[in-house]
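The values are calculated or read from the model by the stated rules, or taken from the named source; none is laboratory data. No experiment lies behind these values; they were computed from the predicted model shown. No Cβ is skipped: glycine too gets one built from the backbone with ideal geometry, and neighbour counts run over all protein chains shown.
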Amino acid sequence: MSALEIRNVRKTFGTTEVLKDISLAIDSGEFLILVGPSGCGKSTLMNAIAGLEPVTAGEMLIGGEDVTWRTPAERDIAMVFQSYALYPSMTVRQNIVFGLEVRKVPKAEREEAVARVAELLQITPLLDRKPSQLSGGQRQRVAMGRALAREPQIYLFDEPLSNLDAKLRVEMRTEIKKLHQRLGTTIVYVTHDQIEAMTLADRIAVMRDGRILQLGTPDEVYNDPADIFVAGFMGSPSMNFIRATLAGQPGSYRLSVDVGGEQPLVLPWPAERETPALVRHVGEPVTLGLRPEHFSEEDARLGDRIEGTLLNTTTTVVEPTGADLLLRVALGESEITVRLGPKSRAVPGEPIALRVDMSRAVLFEPETESRLA
Amino acid sequence: MDNIIRRRTPGARLLRAGLYALLLVMALVYLLPLVVMVLTSLKPLEEIRAGGLLSLPDSLTLAAWLKAWGTACTGMRCEGLSGYFMNSVSIVIPAVAISTLVGALNGYALTKWRFRGANLCFAMLLFGCFIPFQVVLMPMAQTLGWLGLASSTSGLVLVHVVYGIAFTTLFFRNYYVSVPDEMISAAKLDGAGFFRIFWRILLPVSGPIITVSVIWQFTQIWNDFLFGVAFAGFDSQPVTVALNNLVNTSTGVKEYNVDMAGAMIAALPTLVVYVLAGKYFVRGLTAGSVKG
C-alpha cells in the first residue's frame, strides 16, 4: 500500500492551470523529492498534499484513505517550512509540544516526545530559549523537531535548507539523510536545488509548468533523462547540447558535428544505445547531449590510452574548483564545458586534445526536445 | 550631540541659532494655553479677577480642583465631575476592549483565512473611517431606540464599538499582513483551529498593535462629545458633556479656576495613557514597514 497516492490532481488559479494532471505514488519509508525551477508548481503540489490549498480536481490518498477534503489537522502529516515558521512567543519546548498539546496527548507522553526529539537533534540545551535567540541552523533543527515530535505518517519539507548559508546547508543535508536512514520515515521534499535532490532522494520527480516530466531514481534522472529540460536541469555544470546530424544505418549510426573546419567531427553512435526511432531521423539534425565528465584529456604524460573519439580543440577559460578543473573549450562556433582531473595543465588559449566517451551520450529530437536514444 | 557633520562658518551658526529661537517660540505658543490652564486652576478666584492671566499665583490652592471634582454645579445638580468621570470610565473600558478585540478578529480573518470577497469587505470597512459623526446621528438614534438601548451606557458603548471597528480592523489587518502565513499554516498542521491559532499564536505577538488600538480608541471615545451629548441619558453622560454643562452653568460669578480645573480633569486620562504607552504607539504605527 502506498503511503501517499496522488491521482490526476489539477489545480487552477483563475484561468492559469498550476498543476496539470499530476499522478504519483510514494511507498512507505520512501524519500521523494520534487524538484524544478520556480513557478513549476512544486510548492503548490506540496500545499495540496498538506491540505493548505484545495485541489480543483483529482484525489489524494494517505495510507489508503481518501483525504482530498480533509483539513490539514486531519491528515496526519507534519511539515517543515522554508522560513521555519516557529511560534515566536513560545519557547523551543512549547513549539515542539504545541501539536501534541492540541491533540490532547497526555503530559507524560509529551515530555517523553520532547526529550526524544531534543536528543535526536541535539537541541536539549536550547529547550527553554525563544526562537529569536537561536541561529538559523538551530531554528532549522527546532522546526524539524516540531515535525518529528508527532510521528505522523508523512513528513513534508518545503525548501528547508534554502535560508541557510552554504556550509550549514551541506551539514544539514547530511543530517536529514541520516535522520531518514535511521527513522525510515516517508518524506516528500521540495527543492529547486538539483544537488540536494540528487544527494537525498530515493526518487526524484522533475517538474515543469505543472507537470511531472520524469519520475525516477537519481541515477535514472541523471543518466537517462526523459528530455532536454530534465537533462539540462539536473547536473552542475549543465549538460552540453551539441547540434549534430545523424547518418548511417542500424548497427553503424554516426553523428557528424560541424566544428568549423573543413572536416566535420564524426562520432560513432554506440550500437548498444540504438533505438528503433533513430531510423526515421537519418540525415536530419539531432541534439547530442554530453555531460562535462564525458570528456577526458588525451595526455602523453598520463601514458595510458583512453577509449573514445579524439577531439582537437582550444581551451578558452579554465575554472579550477579544487577537486577538479572546469574548462570551456571551443566547438565550432559555440563552446562546451568539460570537467577534467586536477592534474590537467590546460592553459587558456592553448590547444587541447580530448577524448569523447560516447557510451553515456544521449540524443534528443531538437523540435520536441524529447529523447531519441 | 546629533550625528551630523555641519559647516562651521559664522553664517551657518547664526542660521542655526535663529532656527532654534524660532522653534522655541513655536513651542511656547503651543504650550501657552496649557500653562494658562494649569496656572488659572491653581489660583484663588480673587487673584484671577485682579487680572494678570500669565502671572504666577501668589498662593497655590487646590480648592478649584476639589470643587470641580466634587461640588461644582453642572446644570441642576451640584455634585462636580466625579460621577460623570466614572460614567466615562464605564463607557470607555468596555468600548475599547470590545472594539479592539473585534478589530483583531477581523484583521485575523481578513489576512489569514482569506475568503472570497475579503478585499471588498475590507474596503467597505475602511469606508467607515471616513464617515463623519454627524451623518450617523439620526439613524443611530433610531437604531438605539429599536434596540431599547437609548439613553443608556450600553447604547453608548455600542455606538463607539460600531464606530471604532473600522479603525481597529484597519490597524490589525495591516499588522497581521506582515505576520508570515507559514506560521499560521504550521499551526493548522499542528491541529489548531481558528480561535486557538488566534489566542495562542497571533495574539501573543500583537502587543504593539494592541497598544496602538487601545490608545487610539481610548482617546477617541474619552474625548467624544457629540455621541455623548446626543445618545447619553441623564445618568450616563460622559465627562465631556458634564464639562460643557459645568462651564455653561452660571451662578452669577464666572469661576474660571473651576472651569480650568474641570477641563484638566477631563483631559488628564488621555494624557496619562499617552505618556505611559506613547513609545509603543509610535513603534506600533510603523511596525511591519521596516523589516527587522
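Any chance segment A:321-336 includes a residue that's hydroxyl-bearing (Ser, Thr, Tyr), farther than 16 Å from A:LEU290 by Cβ and surrounded by fewer than 18 Cβ atoms within 10 Å (Cβ to Cβ)? Within segment A:321-336 (the criterion being hydroxyl-bearing (Ser, Thr, Tyr), farther than 16 Å from A:LEU290 by Cβ and surrounded by fewer than 18 Cβ atoms within 10 Å (Cβ to Cβ)), the answer is yes, since at least one residue qualifies. Here the condition is being within 19 Å of B:ASN244 (Cα to Cα), free of Cβ contacts under 8 Å to residues at least 40 places away in the same chain and loosely packed, with under 14 Cβ neighbours inside 10 Å; of B:LEU54, B:LEU66, B:LEU34, it holds for B:LEU34 alone. Taken over segment A:75-101, residues that are more than 30 Å from the chain's Cα centre (by Cα), of a type in the set (A, V, I, L, M, F, W, C) and more than 7 Å from chain B (Cβ to nearest Cβ) amount to 4. Evaluating A:LEU52 against the criteria (1) buried (at least 18 other Cβ atoms within 10 Å of the Cβ); (2) free of Cβ contacts under 8 Å to residues at least 40 places away in the same chain; (3) assigned to a helix (DSSP H, G or I) leaves one unmet condition, (3). Considering only residues of segment B:153-202 that are facing another protein chain (nearest Cβ under 10 Å) and charged (D, E, K, R), which is nearest to A:LYS130 (Cα to Cα)? By that ranking, first place goes to B:ARG200.
So that you can scan it fast, the table gives a plain yes or no per residue for (1) in the same structural domain as B:LEU202 (by TED's automatic domain parsing); (2) in contact with a Leu (Cβ under 7 Å, 6 or more places away or on another chain); (3) touching a residue at least 12 places away in the same chain (Cβ under 8 Å); (4) of a type in the set (Ser, Thr, Tyr):
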residue	(1), (2), (3), (4)
B:ALA72	no, yes, yes, no
B:MET86	yes, no, no, no
B:VAL96	yes, no, yes, no
B:LEU105	yes, no, yes, no
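Of the helices (runs of 4 or more DSSP H) lying entirely inside segment B:17-115, the ones with 2 or more residues being among the aliphatic types (A, V, I, L, M) and closer than 25 Å to B:GLN220 by Cα are found at B:82-112. Quick check on B:PHE218: is it within 14 Å of chain A (Cβ to nearest Cβ) and among the hydrophobic types (A, V, I, L, M, F, W, C)? Against the criterion (within 14 Å of chain A (Cβ to nearest Cβ) and among the hydrophobic types (A, V, I, L, M, F, W, C)), B:PHE218 does not qualify.
Name the residue that is nearest to the chain's Cα centre (by Cα), counting only residues in segment A:140-190 that are among the β-branched types (Val, Ile, Thr) and within 13 Å of A:PHE81 (Cβ to Cβ). Let's see the steps before the verdict.
Going residue by residue through segment A:140-190, those that are among the β-branched types (Val, Ile, Thr) are A:142, A:154, A:170, A:174, A:176, A:185-188, A:190.
Now restrict to residues that are within 13 Å of A:PHE81 (Cβ to Cβ): A:142, A:190.
On the way: A:VAL142: 25, A:VAL190: 9 Å.
Residue satisfying both the conditions and the ranking: A:VAL190.
Within segment B:261-286, the set of residues being closer than 20 Å to B:THR71 by Cβ and at pLDDT below 75 is empty. Which ones in segment B:137-151 are modelled with pLDDT under 90 and among the polar types (S, T, N, Q)? Within segment B:137-151, B:SER151 is the sole residue that qualifies.
Residues that are touching a Gly at 6+ places or on another chain (Cβ under 7 Å) and in contact (Cβ under 8 Å) with a residue 60 or more places away in the chain within segment A:259-286 comprise A:VAL259, A:GLY260, listed in sequence order.
The residue of segment A:18-44 that is nearest to A:MET79 (Cα to Cα), among those that are buried (at least 16 other Cβ atoms within 10 Å of the Cβ), out of contact with any Lys or Arg (no Cβ under 7 Å at 6 or more places or on another chain) and not hydrophobic (A, V, I, L, M, F, W, C), is A:SER43.
Listed by first and then second residue, the pairs with beta-carbon distance under 7 Å, at least 6 apart or on different chains, first residue in segment A:55-66 and not assigned by TED's automatic domain parsing to the domain that holds A:GLN153 and modelled with pLDDT of 95 or more, second surrounded by 17 or more Cβ atoms within 10 Å (Cβ to Cβ) and assigned to a loop (DSSP other than H, G, I, E, B), form an empty list. Evaluation of A:GLY289 against the conditions (1) under 30 Å from A:GLY251 (Cα atoms); (2) in a loop (DSSP other than H, G, I, E, B) shows that the sole unmet condition is (2).
Looking across segment A:57-74 at every residue that is of a type in the set (A, V, I, L, M, F, W, C) and closer than 30 Å to A:ASN163 by Cβ, the one that is farthest from the other protein chains (Cβ to nearest Cβ) is identified as A:MET60.
Rundown of residues vs (1) under 26 Å from A:ILE77 (Cα atoms); (2) surrounded by 17 or more Cβ atoms within 10 Å (Cβ to Cβ); (3) not polar (S, T, N, Q), yes/no style:
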site: B:GLY155; (1), (2), (3): no, yes, yes
site: B:VAL159; (1), (2), (3): no, yes, yes
site: B:ARG173; (1), (2), (3): no, yes, yes
site: B:PRO180; (1), (2), (3): yes, no, yes
site: B:ALA186; (1), (2), (3): yes, yes, yes
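Given A:SER334, A:SER359, which one is more than 21 Å from A:ASP258 (Cβ to Cβ) and assigned by TED's automatic domain parsing to the domain that holds A:SER252? Spell out how you get there, then give the answer.
Details: A:SER334 fails: more than 21 Å from A:ASP258 (Cβ to Cβ).
Matching residue, one of A:SER334, A:SER359: A:SER359.
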